[in-house]
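Enquirer: Below: one structure in structure tokens.
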Amino acid sequence: MNLPIIAVLCGGTSSEREVSLGSGKAVAQAMAFSHPTEKFVVDAEALPAGLDPARHVVCSTLHGTFGEDGGMQRLLEGAGFNFAGCDANASNLCFDKWRTRQTVSAIGVRVAPGRFFNAAHKPAAADLARELGEQVVFKPNRQGSSVGLQIVTSRAGLDIAVGGLRQGDWIAERRIVGRELTVGLLRGRAMGVVEIVPKSGVFDYSSKYTKGLTEYFAPAQISPEIAAEARRMSEMAFSACGCRDYARTDFMLSQEGELYLLEINTLPGMKETSLLPMSARCVGLDFNALCRELVAPAVERFHQPHALKA
């Protein structure tokens, strides 16, 4: 059976382009140990030239808008490509944090109390304080990598944060004080639980991508019961949102021992030091093996008769 060429997409047009270029480089190098591989740098919201659905299986490492929001996935589906990861509908759903919250909370996965609003019709700070308390997390509804994340810890800070919201759709959530956990999933099965400990106390863009600003514990130093619950909730959320192949779920573990889902990341960072590879190493998968497993379901779909392809 001839192996298809794995087309690794990276770059893109979002604010996370540089992060994606790093992911793409690492994945292409690792993938070459098991498959013929080509790397394609995406510079526009279009399929890159040279892709052929009869020869290529696509592994996208695009992050942010057009990468994770279903835009690229819809183009790939329309052109008949087999590709690794979530389809266009699940990608679009999971990129929308508010829709994700609604979907997972309907099946019993806990999320922090929150409110959705557009900056043009934003609530008064006093109303948010009454509803959510004075410690509030603001996040853009459709962005990745903690872009635009703000954490408010005082009533005065709440006034300033609300006043600074000028445009776009936002979510305000009650701040859950505790420990941040993440769980990778492969073929819908949860892998290891990783704990994230930013030295600043906030896992924002800078803490994610500046060396030395965050510590990681893989596996997380938590009880077996909490680890099992995190894996169970991850699998529930993955299934409820219609995810496919792989993803990563992020949680806060409150001081009272309750888990709150933050989001589902359908195209997580993929350098060797990224969170999904950390989770995989907890269950014995090194980076090369993980990359091979990420594309395995898409390669299987490539070899199926056309009528059976998803």
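Here, each number is a calculation from the coordinates, and none is a lab measurement. No experiment lies behind these values; they were computed from the predicted model shown. Note that each Cβ is placed from the backbone with ideal geometry, even for glycine, and that neighbours are counted across all protein chains shown.
Enquirer: Give, in nm to one decimal, the length gained when the segment between Asp286 and Ser105 is fully stretched (0.36 nm per residue of separation minus the Cα-Cα distance).
Expert: Result for the pair: 61.8 nm of gain on full extension.
Enquirer: Pull out the extension gain between Glu272 and Arg232, defined as 0.36 nm times the separation in residues minus the alpha carbon to alpha carbon distance; nm, one decimal.
Expert: Between Glu272 and Arg232, full extension yields 11.9 nm more.
Enquirer: Per-residue ellipticity at 222 nm for the chain, helices alone: DSSP H runs ≥ 4 residues times -39500 (n - 2.57), over residue total, nearest 500 deg cm²/dmol?
Expert: Computed mean residue ellipticity for the chain: -10000 deg cm²/dmol.
Enquirer: Continuing with this model, one more query. Would you mind telling me the antiparallel percentage of the DSSP bridges in the chain, rounded to 5?
Expert: 75
Enquirer: Would you mind putting 184-192, 127-135 in packing order, based on average other-beta-carbon counts within 10 Å, highest first?
Expert: 184-192, 127-135
Enquirer: Further, regarding this structure: Once the piece of chain linking Ser239 and Glu18 is laid out straight, how much longer is it, given 0.36 nm per residue of separation minus the C-alpha distance between them?
Expert: 76.5 nm
Enquirer: Under 20 Å between C-alpha atoms is the cut-off here; go through the chain and count lysine pairs that meet it, provided they're at least eight residues apart or on different chains.
Expert: Close lysine pairs under the 20 Å cut-off: 14.
Enquirer: Once label points are set 7 Å from the Cα along Cα→Cβ at both Gln221 and Val177, what is their separation, rounded to one decimal in nm?
Expert: Computed distance between label sites Gln221 and Val177 equals 2.1 nm.
Enquirer: Say R0 is 35 Å: what FRET efficiency, to the nearest 0.05, do Leu213 and Ala49 get from their beta-carbon distance?
Expert: The computed FRET efficiency comes out at 0.35.
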